[in-house]
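Note sheet for the following structure.
The values are calculated or read from the model by the stated rules, or taken from the named source; none is laboratory data. What you are looking at is a predicted structure, and each value in this text was computed from that prediction instead of being measured. Cβ placement follows ideal geometry from the backbone for every residue including glycine, while neighbour counts extend to all protein chains displayed. Side chains included, ligands, DNA and RNA excluded: accessible areas come from the protein's heavy atoms. Shrake-Rupley method; radii C 1.70, N 1.55, O 1.52, S 1.80 Å.
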Amino acid sequence: MIEVIDLKKNFGDLEVLKGITTTINAGEKVAIIGPSGSGKSTFLRCLNLMEEPTSGSIIFEGVDIAGMNVNINIHRRKMGMVFQHFNLFNNKTVIDNIMLAPVHIKIQELRVKKVKNFFIKIGNLFRKNKKELYKIDTTPARIKQEARENALRLLKRIGLEDKANVYPSTLSGGQKQRIAIIRALAMNPKVMLFDEPTSALDPEMVGEVLDLIKQLASEGMTMVIVTHEMGFAREVATRILFMDEGRIVEENTPENLFSNPQNPRTREFLSKVL
C-alpha cells in the first residue's frame, strides 16, 4: 500500500531522516518506537506530506506522492491522521468537526461536475458525437444530511452521541481524542496514521483511546502508529519499527523484537522502557 524508498528529510543543516526504506502492506499495523528525537513523528508526517521530504519516494497506491505535479489533497483523503493534541476546531460543535471535511470535499466535487457538464453542453453544440454528461445524483443538502447521519453513527459507536452539539472545550482529553479518531474515519480512509495519540492524555484516559484503536485494528484497518506505549505496541502491532537517529535500526514482529532484539541500540532502549 505504501512503499518508502530512501526517504530523507532535512531542516536546514539538521538531517532528521537519513534514508528510510520500508513497505507498509494493506492490513498491517505498524508501530514505530524509539527515543525522543529519533525522527519517528517526522517520518509519519512525511507519509502524507505534512512534512515535505528532502529526497526519496513515497509510493501510495502506485503513485509517488512525493513526486512533482501530484495533487496531494486527493491522496490525503485516503489517509486519516490523528495528532497528539487532537486538532479539533474549538469554535465548531463536535458534529460540525466530524462533518467538515466530508461535506467540503463532496460539495467541491459536485461543483466540479457541474462546471464540467456546463462545458460539455457547450461543446456538444458543435460536436456530431455528443459527449456524455457526468452523472449528478445528489445535492448540497443531501450531502450535508448524509454526513450528519454518518457522524451520528460514528459518535454512537464510541458512546458519545450525546456530545454531538457541544463544543470541544467541554470535553475530556480522552473524549477529544476519540472524536479526533472518528473525524478521520468519517473520510473512509484506506490507512490511519497516529502520531503518539495518547501522549497528551492523563493516564486514566489512555485506556479508552487505546481500546478504540484496538477495535479498529481488529477490523482490519491499515495503521501506522508512533507510540511510547510498549504494551500497546506489543499487543496490536503486526510489525515494529525501531528508529534511532533518523534511521530504522531494526524491524521485526512484536514477539521477536521485544523478546530477542538483535541490534545493541534496540536492546539498550528496551532495557530502559520495559
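Restricting to the range 216-235, what's the tally of residues that are of a type in the set (D, E, K, R) and without any contact (Cβ under 8 Å) to a residue 12 or more places away in the chain?
Pass one, the range 216-235, residues of a type in the set (D, E, K, R): 219, 229, 234-235.
Cutting the leftovers down to without any contact (Cβ under 8 Å) to a residue 12 or more places away in the chain gives us 219.
Summing the residues that are of a type in the set (D, E, K, R) and without any contact (Cβ under 8 Å) to a residue 12 or more places away in the chain in the range 216-235 gives 1.
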Just give me the residues in the range 241-257 being crowded, with 18+ Cβ neighbours inside 10 Å and either more than 26 Å from the chain's Cα centre (by Cα) or of a type in the set (G, A, S) (or both), in sequence order. G246
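Can you name every residue in the range 132-142 that is open to solvent by less than 100 Å² (accessible area, probe 1.4 Å) and among the hydroxyl-bearing types (S, T, Y)? Please lay out each step first, then the result.
Our first condition is that a residue be open to solvent by less than 100 Å² (accessible area, probe 1.4 Å); within the range 132-142, this holds for 133, 136-141.
Of everything in the range 132-142, those that are open to solvent by less than 100 Å² (accessible area, probe 1.4 Å) and among the hydroxyl-bearing types (S, T, Y) turn out to be T138, T139.
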Among the candidates N129, N97, N117, which residue alone is exposed (fewer than 15 other Cβ atoms within 10 Å of the Cβ) and either assigned to a helix (DSSP H, G or I) or out of contact with any strand residue (DSSP E or B) (no Cβ under 7 Å at 6 or more places or on another chain) (or both)? N129
Report yes if some residue within the range 189-205 is closer than 22 Å to F269 by Cβ, part of a strand (DSSP E or B) and open to solvent by less than 20 Å² (accessible area, probe 1.4 Å); otherwise report no. yes
Among (1) open to solvent by 20 Å² or more (accessible area, probe 1.4 Å); (2) in a helix (DSSP H, G or I) - the single one G174 does not satisfy: (1)
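Scan the range 208-220 and tell me whether some residue there is within 22 Å of S41 (Cβ to Cβ) and either open to solvent by 30 Å² or more (accessible area, probe 1.4 Å) or more than 16 Å from the chain's Cα centre (by Cα) (or both). Before the answer, list the steps.
Of the range 208-220, the ones within 22 Å of S41 (Cβ to Cβ) are 209-210, 212-214, 216-217.
Imposing the further condition that a residue be either open to solvent by 30 Å² or more (accessible area, probe 1.4 Å) or more than 16 Å from the chain's Cα centre (by Cα) (or both) reduces the set to 214.
Yes, the range 208-220 contains a residue that is within 22 Å of S41 (Cβ to Cβ) and either open to solvent by 30 Å² or more (accessible area, probe 1.4 Å) or more than 16 Å from the chain's Cα centre (by Cα) (or both).
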For the range 7-38, which residues satisfy the criterion of being in a loop (DSSP other than H, G, I, E, B), open to solvent by 10 Å² or more (accessible area, probe 1.4 Å) and either closer than 21 Å to L257 by Cβ or small (G, A, S) (or both)? G12, N25, A26, G27, E28, P35, S36, G37
Name the residues in the range 54-78 that are touching a residue at least 40 places away in the same chain (Cβ under 8 Å), among the aliphatic types (A, V, I, L, M) and either open to solvent by 80 Å² or more (accessible area, probe 1.4 Å) or in contact with a helix residue (DSSP H, G or I) (Cβ under 7 Å, 6 or more places away or on another chain) (or both), would you? I58
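Do we have T238 as in contact with a Pro (Cβ under 9 Å, 6 or more places away or on another chain), in contact (Cβ under 8 Å) with a residue 24 or more places away in the chain and surrounded by fewer than 21 Cβ atoms within 10 Å (Cβ to Cβ) here?
Here the answer is yes, as T238 does meet what is asked.
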In the range 45-91, which residues are outside any loop (DSSP other than H, G, I, E, B) and polar (S, T, N, Q)? S55, S57, N73
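I'd like the full set of residues that are of a type in the set (A, V, I, L, M, F, W, C) and assigned to a helix (DSSP H, G or I), limited to the range 221-274. Break it down stepwise before answering.
In the first step, residues of the range 221-274 are kept if they are of a type in the set (A, V, I, L, M, F, W, C); the result is 221, 223-226, 230, 232-233, 236-237, 240-243, 248-249, 257-258, 269-270, 273-274.
Answer for the range 221-274, where residues must be of a type in the set (A, V, I, L, M, F, W, C) and assigned to a helix (DSSP H, G or I): M230, F232, A233, V236, L257, F258, F269, L270, V273.
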Just to be sure before I move on: is L185 touching a Lys or Arg at 6+ places or on another chain (Cβ under 7 Å), over 25 Å from L17 (Cα atoms) and in contact (Cβ under 8 Å) with a residue 40 or more places away in the chain in the structure I sent? no
Of everything in the range 158-171 that's part of a helix (DSSP H, G or I) and farther than 23 Å from P203 by Cα, which residue is least open to solvent (accessible area, probe 1.4 Å)? E161
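Taking only the range 221-235 into account, find how many residues are more than 16 Å from the chain's Cα centre (by Cα) and within 17 Å of V82 (Cα to Cα). Even if it seems obvious, please write down each step before you answer.
Taking the range 221-235 as the starting set, the residues that turn out to be more than 16 Å from the chain's Cα centre (by Cα) are 228-235.
When the remaining residues are screened for being within 17 Å of V82 (Cα to Cα), the result is 228-229, 232-233.
Here the count works out to 4.
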